[in-house]
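Note sheet for the following structure.
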Amino acid sequence: GPVSEDPKETTRSRCMKTLAILFSHGSIQVRILSLATSGILFVLGMIADPGEEVLVFEPFYTNYNGFSALLGVRTVPVTTRAEDGYHLPPREEIEARITDRTRAILLCSPNNPTGTVYGEDELQMLVDIGRDRDLFLVADEVYREFAYDGRRHRSILSFPELGDHAIVVDSLSKRLSV
């Protein structure tokens, strides 16, 4: 949910609330780093070897491509379109981009740079693809509290069927202005 507007609430207490939300999703592993961008780099290095692939929804945060290139991992763009509000294409279009070298699907919701918040059906489709194809689903949830116009963010950690194939990268810097 949204961060408290209470000026008396300390940064520490807001951080603790965020960690409590993460831990409420059951048995997960948490790594705390100084930068979410480092987290993306580390995750890509853990799940993919040089020459392997990660699907990303285009337009995407430009550093995804740079981090992948640094590791020798290929980003495979799946285009989203302005006329569709940058929502995900049909499952068939996504699966057409998957090869035997694909290790993960990387998503950002709300999306950077479009602001699109993926809906329940879109997320379930990605969860199903990940489960059916034995892929990691890596969610950049740095902007999770910046959903507007009645849209609500749903974390991929709330899909128990993903198990240890769900990876979330988050940051306190955006919502706490630190």
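The values are calculated or read from the model by the stated rules, or taken from the named source; none is laboratory data. All values derive from a computational prediction rather than experimental measurement. Note that we place each Cβ from the backbone using ideal geometry, even for glycine, and neighbour counts take in every protein chain shown. Keep in mind that these areas ignore ligands, DNA and RNA; they rest on the heavy atoms of the full protein, side chains included. Shrake-Rupley method; radii C 1.70, N 1.55, O 1.52, S 1.80 Å.
With the checklist (1) farther than 20 Å from R131 by Cα; (2) in contact with a strand residue (DSSP E or B) (Cβ under 8 Å, 6 or more places away or on another chain); (3) open to solvent by 60 Å² or more (accessible area, probe 1.4 Å) in hand, flag the one item Y64 doesn't pass.
For Y64, the exception is condition (3).
Can you find a residue that is open to solvent by 70 Å² or more (accessible area, probe 1.4 Å), modelled with pLDDT under 80 and in a loop (DSSP other than H, G, I, E, B) anywhere in segment 129-141?
No, segment 129-141 has no match at all.
Identify the single condition in (1) at pLDDT below 85; (2) more than 30 Å from G51 (Cβ to Cβ) that D121 does not satisfy, given that it satisfies every other one.
Here D121 clears every test but (1).
How many residues are under 17 Å from N112 (Cα atoms), modelled with pLDDT of 95 or more and either touching a Phe, Trp or Tyr at 6+ places or on another chain (Cβ under 6 Å) or open to solvent by 10 Å² or more (accessible area, probe 1.4 Å) (or both) if we restrict to segment 50-61?
Final tally of qualifying residues: 3.
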